[in-house]
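These notes concern the structure reproduced below.
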Amino acid sequence: MSIDPAIAQAFTPTGVLRASINVGNPILAGRDREGGQPYGVSIDLANAFAQRLGVPVEFCVFDSAGKSVEAVSNDQADIGFFAIDPIRGAGIHFTSPYVLIEGAYMVAEDSALQDNAEVDRTGVNVVVGKGSAYDLYLTRELKHATIVRAPTSPTVVDVYRKQDAQVAAGVKQQLQADASRLGGLRLLPGRFMVIQQAMGVPKGRGAAPAQFLAAFVEDMKASGFVAEALERHGIEGASVAPPAGSAD
């Protein structure tokens, strides 16, 4: 398809599409064990978007969502993959979500906590990845519990154990894997939030690029590309988001 050169230029001011990738969320991306190269759903989407623009792509890989958000907000990257949050929206135009991810709480097997609603109590320490969507959400929602911030989402359980905290919060699949690996841990039933994972572009690029990116995401959902990527990478517990404007 023919692309307006102005749109391509808006996404590639350096001549290459710089895609901000957060490998701290295993649902979206990771690094292979051999060469450390990034792979995952967000990598597939970035490659497809670069192909649509007819430009080369360069991956800017970060170990946390906060760093990835900062790169796009500060025009150090041209697109990124983030959970939608109003604070992040100050510097980023978000598309509609392409994937929905569950956030869960994990506790010790012998913990008295049995339900998500019981977590927000005085004396309860909740460990989250600094700058993650869970951090931003729980900072607004928790009124009595204390938030303890781990450097990145993958280090949440390590910090939880070192500090003898009561609750770890994060991506449900990551916590399930940690509970299976370490033993003596369990997830509270259900979820405390649903993450709306979207693509984003720096706000300073203008409305037209934001609309172009939004249309791309809708195409990727409707064509089955996102569903196929989730299946190809063996991702469970995440679902393709509904079309923009439809009810969840």
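The values are calculated or read from the model by the stated rules, or taken from the named source; none is laboratory data. Note that the structure is predicted; figures quoted are calculated from it, not measured. We place every Cβ from the backbone using ideal geometry, glycine too, and count neighbours over all the protein chains shown.
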Quiz item: If you scan the stretch 9-27, which residues turn out to be in a loop (DSSP other than H, G, I, E, B), under 21 Å from the mean Cα position of the chain (by Cα) and at pLDDT 85 or above?
Solution: Val23
Exercise. Filter the stretch 188-202 down to residues that are under 21 Å from the mean Cα position of the chain (by Cα) and surrounded by fewer than 18 Cβ atoms within 10 Å (Cβ to Cβ) and give me whichever is farthest from Ala112 (Cα to Cα).
Key: Val194
Practice problem: Return the residue satisfying two criteria in turn: it lies in the stretch 172-187 and is crowded, with 21+ Cβ neighbours inside 10 Å and in contact with a strand residue (DSSP E or B) (Cβ under 6 Å, 6 or more places away or on another chain), and of such residues it is farthest from Ile7 (Cα to Cα). | Solution: Leu175
Quiz prompt | Verdict on Leu45 being in a helix (DSSP H, G or I), touching a helix residue (DSSP H, G or I) at 6+ places or on another chain (Cβ under 8 Å) and in the same structural domain as Lys221 (by TED's automatic domain parsing) | solution = yes
Quiz item: What is the number of the single condition among (1) under 25 Å from Gly190 (Cβ atoms); (2) assigned to a strand (DSSP E or B); (3) among the hydrophobic types (A, V, I, L, M, F, W, C); (4) over 14 Å from the mean Cα position of the chain (by Cα) that Ile101 does not meet?
Solution: (4)
Exercise. Please state which of the following conditions Ala6 fails to meet, knowing it meets all the rest: (1) assigned to a helix (DSSP H, G or I); (2) at pLDDT below 95; (3) under 25 Å from Ile195 (Cα atoms).
Key: (3)
Quiz prompt | Filter pass, Ala208 being hydrophobic (A, V, I, L, M, F, W, C) and buried (at least 16 other Cβ atoms within 10 Å of the Cβ) | solution = no
Quiz item: Residues Val156, Val148: which one is free of Cβ contacts under 8 Å to residues at least 40 places away in the same chain, under 22 Å from Gly30 (Cβ atoms) and in contact with a strand residue (DSSP E or B) (Cβ under 9 Å, 6 or more places away or on another chain)?
Solution: Val156
Quiz item: On the given criteria, is Ser68 over 25 Å from Gly15 (Cα atoms), small (Gly, Ala, Ser) and under 14 Å from the mean Cα position of the chain (by Cα)?
Solution: no
Quiz item: Mind checking whether some residue in the stretch 59-71 is part of a loop (DSSP other than H, G, I, E, B), more than 30 Å from Leu187 (Cα to Cα) and at pLDDT 95 or above?
Solution: no
Quiz prompt | Residue ID - farthest from the chain's Cα centre (by Cα), chosen from residues in the stretch 78-98 that are of a type in the set (Val, Ile, Thr) and surrounded by fewer than 21 Cβ atoms within 10 Å (Cβ to Cβ) | solution = Ile87
Quiz prompt | Subset of the stretch 30-44 [in contact (Cβ under 8 Å) with a residue 12 or more places away in the chain and more than 11 Å from Leu230 (Cα to Cα)] | solution = Arg31, Pro38, Tyr39, Ile43
